[in-house]
Amino acid sequence: MLSVVGIGPGSVDLMTERARARISGADVIMGNVRYIELIKDVIPASAEVVIGRMGTEVERAKKAVELGQYKDVVLVSGGDAGIYGMAGLAIEVAADSGAKLETVPGITAASASAALLGAPISNDFAVVSLSDLLVPWSEIERKLEGLAKMDIAVVVYNPKSKNRTVQLEKTYGIFMQFRDRKTIVGIVRNAEREGCEIEITRLEYLPAFYHRIDMSTTIIIGCSGTKNLGGRMVTRRGYETKYDYETGNGNADDVAAGYVDAGNRVWEKSKAIVRDIVSKYPGSLSDSEKRVAGRVVFANADPLFLDLLVFNHHPVETGIRCIKEGKIIITDIEMVKAGISKKYRKNVECFVNAPNVREIAKREGLTRTAAGIRLAREKGLIQGNVVVIGNAPSACQEICALVEEGGAGVKPALIVATPVGFVNAAEMKEKILSMDMGIPCIVIRGPRGGTPSAVAIINAIIELSMEEKRGEK
Ligand code: SAH
């Protein structure tokens, strides 16, 4: 009889009774040196031990099947023999021989590591091996992309060896593309063995741990429901939306509170869809321009905005620098101001309702929004600052007139122009683009746009600058 036995992650007390019984009763025990070493205290003195090398698995499996015809043979695998272990191969080589064969399951690295981290795979999860020794990398990459796009926890086996290092870096790149960079990630090295190390971090910081990741390491990438609860990694399953943990009762208020989490999941899914759309867009946008474009697509739920967005003279980099330097943002209407991230709103000015705007408008024959821009110019606030026009074509016209008239003296650092409407909006936005003064600008061409687009653009820039600031610390 041949028993293909999973011995668990390492510690013998995590081996099943059945695995122990098969090993104790075996005539022959076969396995690689590491696993034999792990179970040496369980191996009976009478057993013949055959140590196999990596790369000789087929030979070993054949030999085990053959010996199993007339002896009790145990072929050992780490963890579970059926998960990247020897069970499949033994069954394949035994296929037509009529040999007696059984598989004894074991605790796999995913469950051993998950238990040490907390409970990160307590909702749906997937398992991927990064080893491309037997499976072509293109196939692994395709699976990783599919999984990264899904909001599901992913357990990564065989992350890195001495000769295979780029696979982990590529995996990181794929997940950074499709998942929130703050996704919780758990790393367990030598689970239930000597030298056990456990880390809980965030996706964005994974590269900082590369040097500690090896072939005895399992990585668990969480999903939007995964939290770091006081140093334990937990993927919520939804109980929190249904029950009050204090009383154990289902509670309407708590169900309502749970919507926050459900809302997060919707938000994460939408973001993944947008990242996918933007990554496939054939235009030549820089990474930061893609982030800004993604926010516009997200705000409008419309990928067609990718064809309408124009980025002239590196406006995102300029915008990031302006935010870092605390430059003023001038908006055409209050609604745009109200939509700008609270973190920066103290530096946002809108003059449409200022006391003397009505008078300026009357005197100069301007709309109130255009007069608001004129007042900003009179206060010296246009030069070197950011102008965001989300609504009024006349404000675009005014900024063009001021810049053309004032030359170097009235030069905003950045113009964001997304007015919406069938009358004049498209024309005025074209006018901004045709103003050849080297001023960085972001424009949505044509009649579409509006406040949500303007706010999406400027908030994306604010977010990028905050991220850069954090990175510099
Ligand atoms: N059959 C095994 C998996 C073999 S593939 C099982 O079910 O666990 C080998 C990979 O499993 C390793 O590269 C590592 O990613 C993971 N692994 C196995 N044992 C581990 C341990 N003790 N700690 C952390 N990861 C482990």
### Task
Select from the range 348-381 the residues that are over 38 Å from the mean Cα position of the chain (by Cα) and aliphatic (A, V, I, L, M) and list them in ascending order.
Val352, Ala354, Val357, Ile360, Ala361, Leu366, Ala370, Ala371, Ile373, Leu375, Ala376, Leu381
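For the range 7-28, enumerate the residues that are free of Cβ contacts under 8 Å to residues at least 60 places away in the same chain and either under 12 Å from Ile107 (Cβ atoms) or among the aliphatic types (A, V, I, L, M) (or both).
First pass over the range 7-28, keeping only residues free of Cβ contacts under 8 Å to residues at least 60 places away in the same chain: 12-13, 17, 20-21, 23-28.
Passing the criteria: Val12, Asp13, Ala21, Ile23, Ala26, Val28.
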### Summary
Result of the Cβ filter at 6 Å on the range 346-367, keeping first residues that are in contact (Cβ under 8 Å) with a residue 60 or more places away in the chain and under 22 Å from Ile328 (Cβ atoms) and partners that are part of a strand (DSSP E or B) and not β-branched (Val, Ile, Thr), at least 6 apart or interchain, is none
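What strands (runs of 3 or more DSSP E) completely inside the range 315-398 contain at least 1 residues that are charged (D, E, K, R)? Don't jump to the end; show me each part of the working.
Details: elements: 329-331, 348-350, 386-389.
In the range 315-398, 348-350 are the strands (runs of 3 or more DSSP E) which contain 1 or more residues that are charged (D, E, K, R).
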### Query
Of the residues Val455, Val443, which single one is in contact (Cβ under 8 Å) with a residue 40 or more places away in the chain, assigned to a helix (DSSP H, G or I), surrounded by 19 or more Cβ atoms within 10 Å (Cβ to Cβ) and within 32 Å of the chain's Cα centre (by Cα)?
Val455
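Would you check if there is a residue in the range 173-181 being on the phi < 0 side of the Ramachandran plot, of a type in the set (Phe, Trp, Tyr) and in contact (Cβ under 8 Å) with a residue 40 or more places away in the chain?
Residues of the range 173-181 on the phi < 0 side of the Ramachandran plot: 173-181.
Retained after the next criterion (residues that are of a type in the set (Phe, Trp, Tyr)): 175, 178.
With in contact (Cβ under 8 Å) with a residue 40 or more places away in the chain added as a condition, the list becomes 175, 178.
For the range 173-181, residues on the phi < 0 side of the Ramachandran plot, of a type in the set (Phe, Trp, Tyr) and in contact (Cβ under 8 Å) with a residue 40 or more places away in the chain: present.
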### Task
Would you mind stating whether Gly79 is within 15 Å of Ile7 (Cα to Cα) and within 11 Å of the ligand (Cβ to nearest atom)?
yes
### Message
Being modelled with pLDDT under 95, in a loop (DSSP other than H, G, I, E, B) and closer than 30 Å to Ala301 by Cβ is true for just one of Gly438, Gly421, Gly449. Which residue is that?
### Response
Gly421
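The values are calculated or read from the model by the stated rules, or taken from the named source; none is laboratory data. A quick note: this is a predicted structure, and the numbers were derived from the prediction, not measured. Please note: Cβ atoms are built from the backbone with ideal geometry, for glycine as well, and neighbour counts cover all protein chains shown.
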